[in-house]
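Student: Here's a structure for you.
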Amino acid sequence: MGSLQRLPGVAWLLLALLLGLSAIAPGFASAANALNVAQQATLLLLLALPMTLIIMTEGLDLSMGASLSLCTVVLAVTSLGSGSLALGIAAALLAGVLIGLLNGVLIAWLDLPPFVATLGTLGVAQGLALVLAEGRSTSGVGDGLATLWNGAVAGLPVPLLFAVVAWAVFHVLLHHTRFGVAVVALGGNREALKLAGMNERGSLVAVYALGGLFVGLAALLLGSRLGGGHPTAAIGMEFDAIAAVAVGGTLFERGKGSLGGTVLGVLAVGVMRNGLNLLSMPSSLQVAAVGAVVIAALVLDSLRGQHRGFAS
Amino acid sequence: MSTLAQKIHLAPEQRSLLLRLVVLLLIGTGLALVSSAFLGANNLLNLLRQASLVFLLASGLTLVILCGGLDLSIGANVAMSACLAATVMKATGSPLAGCAAGLASGLLVGGVNGLLVTRVRVPPFIATYGTLWILHGLTYWFMAGDTIHGFPPAFRFLGSGYWLGVPVPVFLMIGVLALGTLFLQYTTMGQEIYATGSNTEAAALSGVPVLNRRLLVYMLSGGMAGLASLVFLARLNSAEGDMGEALTLQAVGAVLIGGTSLFGGTGTLAGTLVGALVLTVVLNGMNLLAISANWQPLITGVIVIVSVAADALSRRRSGD
Amino acid sequence: MKLKILAGIAALILAPLASAQGERIAVFTKNQTNPFFQVLRMGADSAAKQMGATTTHLIPTKPDSIPEQMSLIDDVVIKKPSAIVFTPVDIKAMVPGIQKINAAGIPVVNVNDRAEGGKFVAFVGSSDHALGVVTGRYLLQALGGKGNVIIIEGVKGSGASAERVRGFQDALKEFPQVKLLASQPGNFQRLQALQVMENLMQTHAQIDGVMAANDSMASGVIEALEGANRKAQVIGINGTKEAVDAIKAGKLLATGDYNGYLQGCISTMAAIRELRKLPVPKEVIFPPTVVHKGNYQPLDVPLESRSCPKWEEVVKS
């Protein structure tokens, strides 16, 4: 991340939150609570990491929340219907990837603006989730699934393992593969892509399909947490992911992005909510505080001279 | 279709509008064939009233998107402005004072959004997303779960009344459409808004006060949210903290289906009106045909994709 | 009201500094926007004050958000309140969360919506089904046992909605001469119910009665009727202040009393009694009552001046 000057405003915000909340919020500065916050944050992180890449390509994915809900429903319905958890998991991942591919095709081949394409697939995914869940049992998938959220491998809770592996995967993809180069080029310099002989359309589709895959993985965690699926469980989560990414310093234009910044952004919002809960702050004020923090982080960046052009 | 339209020398935007009107007519005809109630006078009037509620909100949003921006906070703005207007009306007993409060609140929020985007340089998506949360928080805190209900008939006329047999909001819709279109097409400011959205650097270089125009459209969007909130309040006869939850997405849908491009610089208020009508007609049809509400998001999503894709394809084919 | 808010803010700033007096009850409700839960919360606060305990309210910032309520549970397990009063935002999805509370050894009382799993000290609520039946029956009797009716359902997939609608349908079975024209969801939303009713009035020329699954929707239906200059008898469920006002004005026929205030009172009392080793029954289900022109007076009292009844008055062992 380089020099302190280049640290996004959220890093300072996070530091301030951690220090302040440790001082005044009862129970905040405990190992149990830290684990709490980290576990809760993994779900959002699994969405925010691919969202970082998507935003770097000057795109957006508004369908992630609906797609996540759909995948949990697919997970539950398939597992319960076929009696096989493995089949359910495969189906959930497939559903996520398919929605991602749909996004990619609409954006890369039909040239639809990402906002519009993913708004449309949001509707499609949400509708499918509601229709699929109607009249069907979507809970009680069984203990095998529950171990995903509650289990631990070598002392590390499984969700955290997911998060670490996801971050590693994206880090390698972005910084050490041709795909990563393509992502950056898709953001700032599409001509360079073509000159380098890389497939512009294919790369763009891949970015969204990758997002879909991680939505599927997130569905495994969420499904485990809920003990099943639910058609509206993740409504609006894509906005949280987008906010975390923007707060973390990734620009909407010209493809400058930071995975580390995204991690900080996800943590900042999670820490703040957790702290405010522990402080028993009235819920309505918490709502306002979330908005304030999001804006504050970007105002900080703006004041420190990190310009963000007119983004759309 | 496109060659025929080209033969009649229609501008691309007029072509786009014509295409949408045709689609609307097709949907309408289909519904009329399947449901005997669709073409009833009352149903059509209800449709127009429902569409006008969406249009009032979507009109301000159209201006913001034309200028290359985005406003996600309009639904929350409606809730806050309506609750404020309701409180003032009850406290002072004066509908006029309440209306003034609602409009002022809407404009203020719009101003804040505009300043965040133009002076502080926060990306519109994030700025309006942040204000959305802040507005929700303030509204919930202020209302504390209460409902304010029961307003004087003089005020209610705005939302539920009829004039010359037509619902009052429809007149507001026509008025906004006329004034807005005149503003956009025939005033310098209006043209500057198109220019800013179309190519900001070029507009700035040719002397357009880009930042001021942007601020203006956000304020107008907020103001229209304020106006819409009054009409909603009058229609529902009550104010609650979660009013207008679903409105933002509907308004965005209306703008997009209406042919306004997210890149800025292309689109019309008339298109947004047609978009609002398409959405309303589809929902109305689903009610009349007793189709489960679960299909709504899917159908709406498909319509948005299809209409924008059709635009993209037609632009490609005619080499725009 | 404003003074209360200021006092509340002062209290929350000072709270961590004050030593805890009495039991700390954490109250979970579904959202901040539905007036019903506001009433429930006030009942809970009143009961706690009467018994010398304190309450904290845990409400999702996004209304009815499942992941948020899950996170609130995670957080509350860290804070370890003395006891919990819990309304699940979803009766199935929250079960793992309740099991987490059970595992942490915190006693929990289920209020309002019966969760489909987990161990509870007690369930305190009203029977949505019974309310649907008695309120529906009241309407059908007022119609003289014949005519056309419409049902406006709540949110598809909500337990409360399904049970209330089932109650309406069971009431209909008692009056075979009444015709059910349509049953459509209004999502518990005023505007949606209004527009659905507007649309349904186009397809059906004669509607004599409307059974709405909650008061907000009943209000929307009344607005639609008035706008179209048509008349019909309308009933709702919840027993909100707005419904009482509408009954007084003769616009609403009746509402089923969901006893929000009492639910808050009794569930909190139950939690505190459990902590004090006093007997608590497994279930407290309020008898279904229909509020109409003849008996609305007790509900027509501003909430601030209401107080919880004595435990023994309500719970007959």
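Bear in mind these aren't lab numbers, they're just calculated from the coordinates by the rules spelled out. Computed from a predicted structure; not experimentally measured. We place every Cβ from the backbone using ideal geometry, glycine too, and count neighbours over all the protein chains shown.
Student: Just to confirm a number: summing +1 for Lys and Arg and -1 for Asp and Glu over residues other than residue A:113 whose beta-carbon lies under 13 angstrom from that of residue A:113, what do you get? Don't jump to the answer; show the numbers that get you there.
Tutor: Numbers: positive: B:315; negative: A:58, A:61, A:111, B:311.
For residues surrounding residue A:113, the net value is -3.
Student: At 0.36 nm per residue, minus the direct Cα-Cα distance, what do residue B:316 and residue B:18 gain on full extension? Give it in nm, one decimal, please. Could the numbers behind the result be given before it?
Tutor: Values: separation 298, 0.36 × 298 = 107.28 nm, distance 1.76 nm.
Separation in residues times 0.36 nm, less the Cα-Cα distance, equals 105.5 nm.
Student: Further question: Residue A:175 versus residue C:312, label points 7 Å from Cα toward the beta carbon: distance in nm?
Tutor: Modelled inter-label distance: 7.2 nm.
Student: Take residue B:178 and residue A:147, extend 7 Å from each Cα along the Cα→Cβ direction, and tell me the distance between the two endpoints in nm.
Tutor: 7.2
Student: Return B:26, C:72, B:17 ranked ascending by Cβ neighbour count within 10 Å, so the fewest neighbours appear first.
Tutor: Values: B:26 10, C:72 23, B:17 20.
Lowest count first: B:26, B:17, C:72.
Student: Compute the distance from the alpha-carbon center of region C:117-183 to that of region A:199-224, in whole Å.
Tutor: Region C:117-183 and region A:199-224 have Cα centres separated by 44 Å.
Student: Here's a follow-up. Is it possible to state the helix-based mean residue ellipticity at 222 nm for the protein assembly as shown, with each DSSP H run of 4+ residues giving -39500 (n - 2.57), the sum divided by total residues, to the nearest 500 deg cm²/dmol? What is it? Kindly include the intermediate steps, with their values, before the conclusion.
Tutor: Values: 38 runs with 608 residues, N = 949.
My calculation for the protein assembly as shown gives -21000 deg cm²/dmol from helical runs alone.
Student: Okay, moving on. Given B:90/C:173; C:146/C:310; C:79/C:310, which pairs have Cα atoms separated by over 32 Å?
Tutor: Details: B:90/C:173 44 Å; C:146/C:310 42 Å; C:79/C:310 30 Å.
Table pairs above 32 Å Cα-Cα are B:90/C:173; C:146/C:310.
Student: Calculate the spin-label point distance for residue A:136 paired with residue B:206, positioning each point 7 Å from the Cα along the beta-carbon direction, and give it in nanometres.
Tutor: Here the modelled spin labels are 5.6 nm apart.
Student: Here is a further query. Within 15 Å, Cβ to Cβ, of residue A:30, how many net charges do the neighbouring residues add up to if Lys/Arg are +1 and Asp/Glu are -1? Show your work: numbers first, answer last.
Tutor: On the way: positive: C:79, C:80; negative: C:74, C:75.
Around residue A:30, the surrounding residues sum to 0.
Student: Moving to a separate point now. I need the shape label for region B:195-261. Rule: rounded when a/c is under 1.5, else prolate if a/b > b/c, else oblate, with a, b, c from the alpha carbon gyration tensor. Don't skip to the answer; put the middle values down first.
Tutor: On the way: a/c = 4.02, a/b = 2.17, b/c = 1.86.
Prolate, since a/c reaches 1.5 and a/b exceeds b/c.
Student: Here's a follow-up. Please order C:237, A:24, A:99 by the number of other Cβ within 10 Å, starting at the fewest.
Tutor: Working: C:237 34, A:24 13, A:99 30.
By the 10 Å Cβ count, ascending: A:24, A:99, C:237.
Student: Apply the a/c threshold of 1.5 to the C-alpha gyration tensor of the protein assembly as shown and tell me whether it is rounded, prolate or oblate. Each step should come with its number before you reach the end.
Tutor: Numbers: a/c = 1.55, a/b = 1.13, b/c = 1.37.
Oblate is the answer for the protein assembly as shown, as a/c is 1.5 or above yet b/c matches or exceeds a/b.
Student: Take every DSSP beta bridge with both residues inside the protein assembly as shown and express the antiparallel ones as a percent of the total, to the nearest 5. Before the final figure, lay out the partial values.
Tutor: On the way: 11 of 48 bridges.
Percent antiparallel among DSSP bridges in the protein assembly as shown is about 25.
Student: Then there is this: Please give the length that would be gained between residue A:154 and residue A:304 if that part of the chain were fully extended, namely 0.36 nm times their separation in residues minus their C-alpha to C-alpha distance (nm, one decimal).
Tutor: Working: separation 150, 0.36 × 150 = 54.00 nm, distance 4.26 nm.
Gain on stretching residue A:154 to residue A:304: 49.7 nm.
Student: A follow-up question, please. I'd like the distance separating the alpha-carbon centroids of region B:15-72 and region B:248-303, in whole Å.
Tutor: Answer, in whole Å: 7.
Student: Mind jotting down a quarter of the surface of the convex hull over the alpha carbons of chain A, in square nanometres, one decimal?
Tutor: Values: hull surface 67.6 nm².
Reported value for the Cα convex hull: 16.9 nm².
Student: What's the FRET efficiency of residue A:90 with residue A:35 using the Cβ-Cβ distance as r and R₀ = 25 Å, to the nearest 0.05?
Tutor: Details: r = 30 Å, r/R0 = 1.19.
Working from the Cβ atoms, E equals 0.25.
Student: Shifting gears a bit: Hey, what's the per residue convex hull volume over the C-alpha atoms of region A:183-235, in cubic angstrom?
Tutor: Residue-normalised Cα hull volume stands at 90 Å³.
Student: If neighbour count is taken as other Cβ atoms inside 10 Å, put A:175, C:129, A:230 in order from fewest to most.
Tutor: On the way: A:175 11, C:129 18, A:230 25.
Placing the least packed residue first, the sequence is A:175, C:129, A:230.
Student: Let me ask you something else. Give the shape of region C:128-257 as rounded, prolate or oblate, defined through the alpha-carbon gyration tensor: a ≥ b ≥ c are the square roots of its eigenvalues, a/c under 1.5 means rounded, and otherwise the shape is prolate if a/b is larger than b/c and oblate if not. Kindly include the intermediate steps, with their values, before the conclusion.
Tutor: Details: a/c = 1.18, a/b = 1.05, b/c = 1.13.
Cα axes put region C:128-257 in the rounded bin.
Student: Using the alpha-carbon centroid of each, what span in Å lies between region A:281-299 and region C:205-245?
Tutor: 38
Student: So, one more: Ignore the peptide's own chain and count Cβ atoms of other chains within 10 Å of each Cβ in A:15-22; give me the average, rounded. Working shown, then result.
Tutor: Values: counts 0, 0, 0, 0, 0, 0, 0, 0.
Partner-chain Cβ atoms within 10 Å, mean over residues of A:15-22: 0.
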